[in-house]
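Let me begin by presenting the structure, written as structure tokens, before commenting on it.
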Amino acid sequence: EVGRDYGMGFFNLANLQLAAGNMTDGDTNLLAAITQFQQLFGSDPEDLENQWRLAICYRLRGDVKLQQQAYAAALPLYEQARGVIERLSHANPNVPKYRRELTGLKMNLGQLYGALGDSQQALVALEDALELSKAYTDGDPTSHQQREQASLYLLLAQQQMLSGQRQLAEQNATLARTKLQRILQDSPDDEGLQRQLARAEKLVQRLSQE
């Protein structure tokens with residue numbers, strides 16, 4: 001179909017431009033792709049791939065705005081992506097990529113609401129993301145889900161501390177630290193995990209002294 005070809009053309013070009021650091025043109029082509037996928041969704045609302053691509057375009061535009069620190073502009077884009085992916089995930093609970101994407105979107109929304117000063121919405125989004133991640137954990141302590149959960153526990157703890165929920169913050173910071181320590185036993189040279197563990201340990205120490 002011509003519309004899908006146009007949409008994929010804009011989408012693929014945008015990804016190449018974003019990978020090269022060309023945020024302006026990448027964003028322009030994502031917007032063009034969104035227009036195509038919205039039209040396709042209107043003509044065939046049962047096509048799951050068009051809905052998936054539409055959601056990914058929204059999310060990528062949100063990522064661009066986030067990198068530009070345009071938080072207020074990023075928020076509705078992430079919310080639009082969340083709406084599409086949430087619908088896909090609920091209708092197709094056995095499709096892992098929908099659950100994973102929804103978890104990541106809610107994590108992003110939690111951080112974004114926190115940056116905008118909306119602690120209540122930030123906590124709701126992060127708690128939802130954590131529950132989603134727990135629902136598909138495969139039991140492997142080095143898996144993506146375990147790393148994801150460690151990050152979420154840490155983000156929750158940071159937000160709870162800012163919201164005055166110090167007991168919950170200490171509990172979640174401790175959980176984050178424990179998970180990170182376990183993962184690092186198998187990946188001792190992972191600098192990203194080491195930095196996360198240092199932040200978790202610092203937060204636990206700070207909360208235990210107050």
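The values are calculated or read from the model by the stated rules, or taken from the named source; none is laboratory data. As the structure is a prediction and not an experimental result, all values here were calculated from the model. Glycine gets a Cβ as well: all are built from the backbone with ideal geometry, and neighbour counts include every protein chain shown. Note: accessible area is taken over every heavy atom of the protein model, side chains too, but ligands, DNA and RNA are not part of it. Shrake-Rupley method; radii C 1.70, N 1.55, O 1.52, S 1.80 Å.
All of GLN39, GLN67 fail the test of being more than 19 Å from ALA125 (Cβ to Cβ) and in contact with a Gly (Cβ under 8 Å, 6 or more places away or on another chain), apart from GLN39.
The helices (runs of 4 or more DSSP H) found wholly in the range 57-174 and carrying at least 1 residues that are open to solvent by less than 60 Å² (accessible area, probe 1.4 Å) and within 22 Å of ALA200 (Cβ to Cβ) occupy 96-115, 119-135, 144-162. Note on the range 19-44: residues that are aliphatic (A, V, I, L, M), open to solvent by 30 Å² or more (accessible area, probe 1.4 Å) and part of a helix (DSSP H, G or I) total 3. If the condition is being among the charged types (D, E, K, R) and without any contact (Cβ under 8 Å) to a residue 40 or more places away in the chain, then the range 173-198 contributes ARG177, LYS179, ASP189, ASP190, GLU191, ARG195.
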